[in-house]
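Notes for the one structure printed next.
Read-outs: derived from the displayed coordinates by stated rules, not from any lab. This one's a predicted model, so the numbers in the text were calculated from it and none came from an experiment. All Cβ positions, even for glycine, are placed from backbone atoms using ideal geometry, and neighbour counts span all protein chains on display.
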There are 2 protein chains.
Amino acid sequence: MPRPVKFFYDLLSTHSRALYMFFEATKIPYDPIPVCATKGEHLTDEYRECVNRFQQVPSIIDDGFKLSNGVTILKYLIREKLIPEHWYPRDSQLRAKIDEYLEWQHDNSSKVCNAFVQEKWSLLNIEDERSSEQKVEEYRRQMEQNLNQLEREWLVPGRFIIGDRITIADILAACEIEQPKIVGMDPFQGRPKLAAWLEKVRYTMTPYYQEAHQDFYKFTEKASVKN
Amino acid sequence: MPRPVKFFYDLLSTHSRALYMFFEATKIPYDPIPVCATKGEHLTDEYRECVNRFQQVPSIIDDGFKLSNGVTILKYLIREKLIPEHWYPRDSQLRAKIDEYLEWQHDNSSKVCNAFVQEKWSLLNIEDERSSEQKVEEYRRQMEQNLNQLEREWLVPGRFIIGDRITIADILAACEIEQPKIVGMDPFQGRPKLAAWLEKVRYTMTPYYQEAHQDFYKFTEKASVKN
């Protein structure tokens, strides 16, 4: 009987939510260890020494092997554990298409989404003097462009991002696209393909999607009341 | 006899240089098609339709299959062609470590390096009014931090980034770390481990490293005279 994978996560982080759903849906034995990143629990010396030298969330320890980064962990688990084929098909061209999407997301929407959420969050809550309405607007504009590109170039009605079955691309994308709700932006407004695709992901991942997003939705609600 | 892979590249792009070296070193039959990105040759309708819908460089077409993004293309070629094992070992933990490095690079040095080079380039050459010395200094500071982290956390004297043999992590890293030379920054100054590692990569990849960087070095020389 293999030892459960130790999983260090904070459900306010996009990759943590994707991994939580993946662990639950695939029934990989795991030992959940919540880490509150907003309280800096990942910034202790103990976390650096025992879990991850870059103090990242999510991280795993699998039978003594330490690993960080959501995409890297997903691909490692797919190699190491018994996982249904559809998550990351062995077909080389399908796999390449999933990788191409993930790199596109990393280069485009992730970068802009993080910058927008951080900048707007600082402006609303921290009153950081380096933040400005102008910067927020610039990031918002870039973010709208990226979401439009996703709607136009990547999504086909009735399908997942790559093919007819759900893959790691869908869960990583869904968790990220939800993120700007933290600062009161609705990414689905005016994007019918994006909204329909998210419903498909959410339905396919029920009840894990809802479990993974429960705390996140509470947090966004509290933030929107405050703002 | 398989048809050669069509390879669209510009040697001023970091991923194009890494792929060029990889094609040459592994002897994968390929058909080199230079694309001058500074002249916007990748921004034509023909390029979008026939090569890559996102108009990216590098891109490949392998027996009709179109693919973009350097990391994605490298991993695709490794699955599809006869490639020596050391480039991306099948050992799951080594592979995870390479992926973890590549994601770290993407999240850290790539992001900051691109921003720094673009910002400084605009300030020196285009006199874009949105550029400023202050922004350049902020990116330079972040870039120095990243290079220090690379020196401190990833490099072990006498070794490659992951293990004792060269991998895709080394060629992708080397090409990127050379990039700030375009704006007159020497990334190796005060970083002996980084300098020694680059020499090791360069030596291992001779003469392909020099071929891949020939135009780039000429360009950086011209740029430094101009600035």
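In a reduced charge model with +1 at each Lys and Arg Cβ and -1 at each Asp and Glu Cβ, the protein assembly as shown shows a dipole moment near 760 debye about its Cα centre. Comparing Cα centroids, segment B:18-34 and segment A:1-22 end up 39 angstrom apart. Using a 10 angstrom cutoff on alpha carbons, build the Gaussian network for chain A and name the most mobile of A:Leu194, A:Leu172, A:Leu43. Result: A:Leu43 has the largest fluctuation of those listed. Straight-distance candidates among the lysines for linking to A:Lys39, with alpha-carbon spacing under 24 Å and chain neighbours fewer than 8 residues away dropped: A:Lys6, A:Lys66, A:Lys111, A:Lys120, A:Lys181, A:Lys218, A:Lys222, A:Lys226.
For the protein assembly as shown, the alpha-carbon coordinates run over 56, 53, 49 Å along the three principal axes, in decreasing order. At an R0 of 30 angstrom, the distance between the Cβ atoms of B:Gln134 and B:Arg48 translates into a FRET efficiency of 0.25. Of the Cα atoms belonging to chain B, the radius of gyration and Dmax stand at 17.7, 56 Å.
A convex hull fitted to the Cα coordinates of segment B:101-195 yields 88 cubic angstrom per residue. For peptide A:61-68, the mean count of partner chain Cβ atoms within 10 Å of a residue's Cβ comes to 2.
Based on DSSP H segments of at least four residues, each scored -39500 (n - 2.57), chain B has a per-residue ellipticity at 222 nm of -16000 deg cm²/dmol. The tail of the calculated P(r) for segment B:177-227, taken as Cα-Cα distances beyond 13 Å, holds 62 percent of the pairs. Under 5 Å between amide hydrogens, built in the peptide plane, is the criterion, and for A:Val5 it picks out A:Tyr30, A:Asp31 among residues at least 5 positions away or on other chains. Computed over chain A with a Gaussian network model linking Cα atoms closer than 10 Å, the most mobile of A:Ile73, A:Ile33, A:Ile98 is A:Ile33. Other residues with beta-carbon under 15 Å from the beta-carbon of A:Leu194 carry, at +1 per Lys or Arg and -1 per Asp or Glu, a net charge of -1. Overall dimensions of segment B:1-120, expressed as equivalent-ellipsoid semi-axes from the Cα gyration tensor (√(5λ), whole Å, largest first), are 23, 22, 12. Legend: calculated FRET efficiency, B:Asp164 to B:Arg202, from the Cβ-Cβ distance at R0 = 22 Å, rounded to 0.05, equals 0.80.
The local environment of A:Arg17, defined by Cβ-Cβ distances under 14 Å, has a net charge of -4 under the rule Lys, Arg +1 and Asp, Glu -1.
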